[in-house]
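Novice: My questions will all concern the structure given below.
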């Protein structure tokens, strides 16, 4: 603890000593404003959201040059990097989860950029690699954000984000052969998956305008159904809210895949409760019935289904 305090004080002294000498790049201010239902909000730095613009790139480069110059001036920086690397260089495991006799778990050898997903047959069987995100890009920034198995363990949805982006691309893997299907779904952010009837429910956003995929607002979230072996343009839109474009959805299915649950929250309301719908997958038509009809103060989440009864957690 004493060593940590000494290092912190040294860093603080360097920071205080250097701050008066810094010559920060000039950041241009504009008169840009937004009108949110009669409330005027100033946004003088909106131009910085255009991350592909030449001016923005030059500004970022100037900021990075300033930062790196300060960090490079720390005399014991390399020793610190070496010591931190030593401390973190040990194997790390996630808690396992079971599906059809296989135990799935994440492991990091120590300093890998991304955790690797493995599976093991039973408690004493051999271990196989399901996917190593570190091999998906040279810089190690591709990440496995979603992995959701079907009830029978035959298929899995894999959601991959690249270069630190929030956007995910969903693919489907045949876990019996280890090969990926041709299915590829885009314009997905933080979506869960609900398996049902030879496909799955998921949430997505409309395709952004050309060149604005990193700057467009996250509005217009919808729930769709994708049938395995079909292109995304044949997916069916199931749930949307035309009155509130700020809503976002979560989707899950019961363990037996008899029911699918949709959670809806709004980015424009306070407090932040949620709406809850369910669909009986044994009935054709993707008909979702409300359990909680309106967004209020409280949250609701289905923990388990037993027959036609649901066990629901709430903070009410």
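Bear in mind that the values in this text are calculations on the coordinates, not laboratory data. These numbers come from a predicted model, not from an experiment. Counting neighbours? That spans all protein chains shown, and the Cβs are built from the backbone with ideal geometry, glycine included.
Novice: Mind pulling the angle between the C-alpha long axis of helix 2-19 and the longest principal axis of the chain? Nearest 10 degrees, somewhere in 0 to 90.
Specialist: Taking Cα atoms only, the helix is inclined about 70 degrees.
Novice: Sorting 82, 309 on the 10 Å Cβ count, fewest up front, what's the list?
Specialist: Exposure proxy ranking, most exposed first: 309, 82.
Novice: Of 203, 192, 50, which is the most mobile in a GNM of the chain whose springs link Cα atoms less than 10 angstrom apart?
Specialist: Taking springs between Cα atoms under 10 Å, the residue moving most is 50.
Novice: When a/c reaches 1.5 or more, the comparison of a/b and b/c decides; with that in mind, is the chain rounded, prolate or oblate per its Cα gyration tensor?
Specialist: oblate
Novice: Now, a different point. How much length is gained if the chain between residue 22 and residue 180 is pulled fully straight, taking 0.36 nm per residue apart and subtracting their Cα-Cα distance, in nm to one decimal?
Specialist: Gain on stretching residue 22 to residue 180: 51.7 nm.
Novice: Going by alpha carbons, how many degrees (0 to 90, nearest 10) lie between the helix axis of 54-72 and the longest principal axis of the chain?
Specialist: With both axes taken from Cα atoms, the answer is about 60 degrees.
Novice: Going by how many other beta carbons lie within 10 Å of each one, how would you line up 311, 239, fewest first?
Specialist: So the ranking, lowest neighbour count to highest, is 311, 239.
Novice: Let me ask something else. Kindly identify the range 90-135 as rounded, prolate or oblate by the Cα gyration tensor criterion: order the square roots of the eigenvalues as a ≥ b ≥ c, call it rounded if a/c is under 1.5, otherwise compare a/b with b/c, prolate if a/b is larger, else oblate.
Specialist: Prolate, because a/c is 1.5 or more and a/b exceeds b/c.
Novice: Using Cβ contacts closer than 10 Å as the measure, can you line up 183, 213 from fewest to most?
Specialist: By the 10 Å Cβ count, ascending, the order reads 213, 183.
Novice: Counting helices only, and only those DSSP H runs with n ≥ 4, report the 222 nm mean residue ellipticity of the chain as the sum of -39,500 (n - 2.57) divided by its residues, in deg cm²/dmol to the nearest 500.
Specialist: Using -39500 (n - 2.57) per qualifying helix, the result is -5000 deg cm²/dmol.
Novice: Have a look at 300, 45, 249 and tell me which one the Gaussian network model of the chain (Cα, springs below 10 Å) gives the largest fluctuation.
Specialist: Evaluated over the chain, the most mobile residue of the options is 45.
Novice: Under 1.5 on a/c is rounded, so check that first for the range 143-314, then, if it is not, pick prolate when a/b is larger than b/c and oblate when it is not; a ≥ b ≥ c are the square roots of the alpha carbon gyration tensor eigenvalues.
Specialist: The shape class here is oblate.
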